[in-house]
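Here is the structure we will look at, set down as structure tokens.
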Amino acid sequence: MLLYRCPAARRARQCFRALKLIKKDCLLSLHVSRCASTASVPRITTHYTIHPRDKDKRWEGVNMERFAEEADVVIVGAGPAGLSAAIRLKQLAAEHSKEVRVCLVEKASQIGAHTLSGACLEPRSLEELFPDWKERGAPLNTPVTEDKFGILTEKSRIPVPMLPGLPMVNHGNYIVRLGHFVSWLGEQAEALGVEIYPGYAAAEVLFHEDGSVKGIATNDVGIQKDGAPKATFERGLELHAKVTVFAEGCHGHLAKQLYKKYNLRENCQPQSYGIGLKELWTIDEKKWKPGRVEHTVGWPLDRHTYGGSFLYHLNEPEPLVALGFVVGLDYQNPYLNPFREFQRWKHHPSVQPTLEGGTRIAYGARALNEGGIQSIPKLTFPGGLLIGCSPGLMNVPKIKGTHTAMKSGMLASEAIFSQLINENLQSKTIGLDVQEYEENLKKSWVWKELYAVRNIRPSCHSVLGVYGGMIYTGIFYWLLRGMEPWTLKHPGPDFAQLKPAKDCTPIEYPKPDGKISFDLLSSVALSGTNHEHDQPAHLTLKDDSVPVSKNLAVFDGPEQRFCPAGVYEYVPLETGEGSRLQINAQNCVHCKTCDIKDPSQNINWVVPEGGGGPAYNGM
């Protein structure tokens with residue numbers, strides 16, 4: 001097959017610049033509120049995915065044509081997986097003296113601005129991608145020098161020895177600010193000729209008539225909060241490709257559509273998730289131990305709620321620590337508030353002394369995959385494939401997914417490139433079906449690693465809870481290295497685990513002191529989150545009446561607690577009788593927790609206008 005090299009890269013950039021100018025012309029003013037009367041529910045969800053434009057008279061006569069660009073490969077998402085795939089493609093093209101046009105779109109305004117992770121990086125994939133990464137200046141500044149693990153009770157800490165071979169041993173790893181690492185990967189990709197378009201969200205999957213993926217369309221701009229077109233309305237750009245690589249990260253909104261269209265989850269278990277909350281602090285230099293890694297389980301969570309903490313000391317010009325708390329989203333009590341559990345944890349006697357006298361400088365949150373190999377869907381389909389955290393390639397006991405995500409992107413590119421240069425290839429569909437990628441992934445060290453730890457997370461569902469998982473790890477993983485002849489199952493999707501409020505005990509949380517613990521809105525302010533106000537809310541509801549009639553009535557409105565950004569709140573009706581749901585879409589940090597944990601599965605997260613969302617700096 002001859003590679004197609006479109007000479008119109010310049011036109012694409014001009015189109016993107018034009019769209020950016022149009023976006024700047026949009027006016028501000030969005031305050032999304034929700035009336036929820038059982039008799040009559042005013043429309044609040046105005047997004048076209050719920051209310052199609054072809055049925056809206058305000059859109060009659062509006063030009064809906066889109067400019068289209070052709071590429072060999074289009075990649076959605078500039079995280080570790082997407083950028084590694086782009087880099088590997090251009091490396092292979094250079095090695096074989098071939099022209100391959102690779103376009104990558106990213107919804108964040110800057111590469112790395114939506115990236116959030118602990119993060120303790122295992123450099124295995126990086127060494128494969130760039131053996132000379134140190135000479136290239138990769139920002140891996142903090143080699144791990146000390147590993148600590150403990151079980152917390154309310155007042156004490158029980159140390160647990162880190163035996164060699166256990167998943168959480170970090171010898172040889174690096175503590176990193178993953179956003180900075182991703183930004184560096186972006187620089188390497190651009191130097192190789194990858195066309196990167198930050199600030200443009202992939203809003204739609206395009207299909208050929210034969211059902212194969214044709215490419216993606218970026219988001220439209222210039223739409224009012226009520227769903228009507230502005231005078232500045234402009235359609236997004238279509239990017240067509242022989243293969244489209246979806247690297248959206250955990251719970252991607254396009255991946256959800258692909259799961260359904262191609263039945264990709266037919267032979268796997270439901271994905272399970274956690275919500276990770278993180279802060280960066282500058283601390284007293286006397287308490288700073290660069291290279292120290294600390295993890296805990298236990299308090300303030302009970303044994304049946306999966307979760308734990310991390311505290312990493314970074315080697316930066318200032319005494320910096322990254323700390324965070326993860327709560328499994330299969331928790332049962334609707335009164336649980338992950339953000340407030342995190343704030344409460346910081347007051348533990350083994351944690352608070354490190355933070356006293358310090359300053360919190362950043363906050364953010366993100367969902368993460370916890371299902372393991374049991375929950376990985378089929379990864380390929382005609383015209384496209386899934387890589388990285390999108391299908392869920394995270395090693396849960398290690399609390400690491402960057403190395404596996406990068407390797408999946410590299411393997412995907414090698415399989416794609418093999419088909420692109422095969423002049424005798426006879427494809428059954430217009431979009432190439434690169435099944436070799438999944439086959440090669442299952443032969444790689446990634447699959448071996450994920451298979452070995454497959455039973456650790458589901459072992460936490462025993463009567464002993466998290467402690468049962470620790471016992472299982474100590475006996476079966478440490479001794480058998482995952483060779484036990486069985487595979488445990490998850491109990492079901494996370495949203496289905498929530499119990500009715502009447503069957504649970506409300507949780508009383510202490511008030512924040514403003515020194516160690518903080519309120520939610522001041523925390524969100526540290527995330528740099530911003531959205532164009534005058535646009536339809538991207539947190540869409542399939543049925544506007546469900547939040548009050550079911551979520552509030554049965555579960556006491558859990559979305560007002562599981563959201564780590566204060567997006568959802570129930571407020572009194574103007575009449576004084578009853579409540580309505582108010583959606584503060586401008587607060588959204590794009591964590592996807594609401595889409596995952598909503599017990600009614602009524603919330604569907606879609607992309608806002610490109611460039612909106614958090615503005616993390618090295619999170």
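Before moving on, here are some points about what is shown:
This table checks each residue for (1) outside any loop (DSSP other than H, G, I, E, B); (2) among the small types (Gly, Ala, Ser); (3) open to solvent by less than 20 Å² (accessible area, probe 1.4 Å); (4) modelled with pLDDT of 95 or more.
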residue	(1), (2), (3), (4)
Cys15	yes, no, no, no
Lys20	yes, no, no, no
Leu27	no, no, no, no
Thr38	no, no, no, no
Val41	no, no, no, no
Thr45	no, no, yes, no
Arg58	yes, no, no, yes
Ala71	yes, yes, yes, yes
Ile75	yes, no, yes, yes
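- Taken over segment 496-516, the criterion of being open to solvent by 80 Å² or more (accessible area, probe 1.4 Å) and not in a loop (DSSP other than H, G, I, E, B) is satisfied by Lys502, Asp503.
- Looking across segment 425-470, just one residue is without any contact (Cβ under 8 Å) to a residue 12 or more places away in the chain and hydrophobic (A, V, I, L, M, F, W, C), and that is Val463.
- Qualifying residue in segment 564-576 (condition: outside any loop (DSSP other than H, G, I, E, B), free of Cβ contacts under 8 Å to residues at least 24 places away in the same chain, of a type in the set (Ser, Thr, Tyr) and farther than 30 Å from Phe181 by Cα): yes
- Residue within segment 84-102 that is assigned to a helix (DSSP H, G or I), over 23 Å from the mean Cα position of the chain (by Cα), surrounded by fewer than 23 Cβ atoms within 10 Å (Cβ to Cβ) and among the small types (Gly, Ala, Ser) present: yes
Here is a yes/no grid of residues against (1) open to solvent by 40 Å² or more (accessible area, probe 1.4 Å); (2) over 30 Å from Leu336 (Cα atoms); (3) without any contact (Cβ under 8 Å) to a residue 40 or more places away in the chain; (4) within 19 Å of the chain's Cα centre (by Cα):
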residue	(1), (2), (3), (4)
Val221	no, yes, no, no
Asp226	yes, yes, no, no
Lys230	no, yes, no, no
Ala247	no, yes, no, yes
Gly252	no, no, no, yes
Gln271	no, no, no, yes
Ile275	no, no, no, yes
Lys286	yes, yes, yes, no
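- Elements of type helices (runs of 4 or more DSSP H) in segment 407-495, at least 3 residues being within 21 Å of Gly274 (Cα to Cα): 445-452, 466-472
- Candidates Gly165, Gly118, filtered to the one that is closer than 24 Å to Met470 by Cβ, open to solvent by 20 Å² or more (accessible area, probe 1.4 Å) and either of a type in the set (Asp, Glu) or in contact (Cβ under 8 Å) with a residue 40 or more places away in the chain (or both): Gly165
- In the set (1) hydrophobic (A, V, I, L, M, F, W, C); (2) over 30 Å from Ser212 (Cα atoms); (3) crowded, with 22+ Cβ neighbours inside 10 Å, the condition left unmet by Leu464 is number (3).
- Complete set of residues in segment 385-394 that are open to solvent by less than 10 Å² (accessible area, probe 1.4 Å) and either of a type in the set (A, V, I, L, M, F, W, C) or in contact with a Phe, Trp or Tyr (Cβ under 6 Å, 6 or more places away or on another chain) (or both): Leu385, Leu386, Ile387, Ser390, Leu393
- Total residues in segment 517-544, condition out of contact with any strand residue (DSSP E or B) (no Cβ under 9 Å at 6 or more places or on another chain) and either open to solvent by 50 Å² or more (accessible area, probe 1.4 Å) or part of a loop (DSSP other than H, G, I, E, B) (or both): 5
- Segment 545-562 - residue that is open to solvent by 50 Å² or more (accessible area, probe 1.4 Å) and free of Cβ contacts under 8 Å to residues at least 60 places away in the same chain and, of those, nearest to Leu280 (Cα to Cα): Gln560
- Within segment 475-492, the set of residues being open to solvent by less than 40 Å² (accessible area, probe 1.4 Å) and in contact (Cβ under 8 Å) with a residue 40 or more places away in the chain comprises Tyr477, His490, Gly492.
Results for (1) among the hydroxyl-bearing types (Ser, Thr, Tyr); (2) more than 29 Å from Lys260 (Cβ to Cβ); (3) open to solvent by 30 Å² or more (accessible area, probe 1.4 Å), shown as yes or no for each residue.
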| residue | (1), (2), (3) |
| --- | --- |
| Trp184 | no, yes, no |
| Glu187 | no, yes, yes |
| Ala191 | no, yes, yes |
| Glu204 | no, no, yes |
| Val213 | no, no, no |
| Ala217 | no, no, no |
| Leu237 | no, no, no |
| Ala241 | no, no, no |
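- Of the residues making up segment 567-586, those that are under 19 Å from the mean Cα position of the chain (by Cα) and open to solvent by less than 30 Å² (accessible area, probe 1.4 Å) are Val567, Ala585.
So that you can scan it fast, the table gives a plain yes or no per residue for (1) at pLDDT 95 or above; (2) buried (at least 24 other Cβ atoms within 10 Å of the Cβ):
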site	(1), (2)
Val396	no, yes
Gly401	yes, yes
Thr404	yes, yes
Ser408	yes, yes
Ala412	yes, yes
Leu425	no, no
Gly431	yes, yes
Val434	yes, yes
Leu441	yes, yes
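The values are calculated or read from the model by the stated rules, or taken from the named source; none is laboratory data. Source: prediction; values computed, not measured. Neighbour counts are summed over all protein chains in view; Cβ atoms, including those assigned to glycine, are modelled from backbone coordinates with ideal geometry. Side chains included, ligands, DNA and RNA excluded: accessible areas come from the protein's heavy atoms. Shrake-Rupley method; radii C 1.70, N 1.55, O 1.52, S 1.80 Å.
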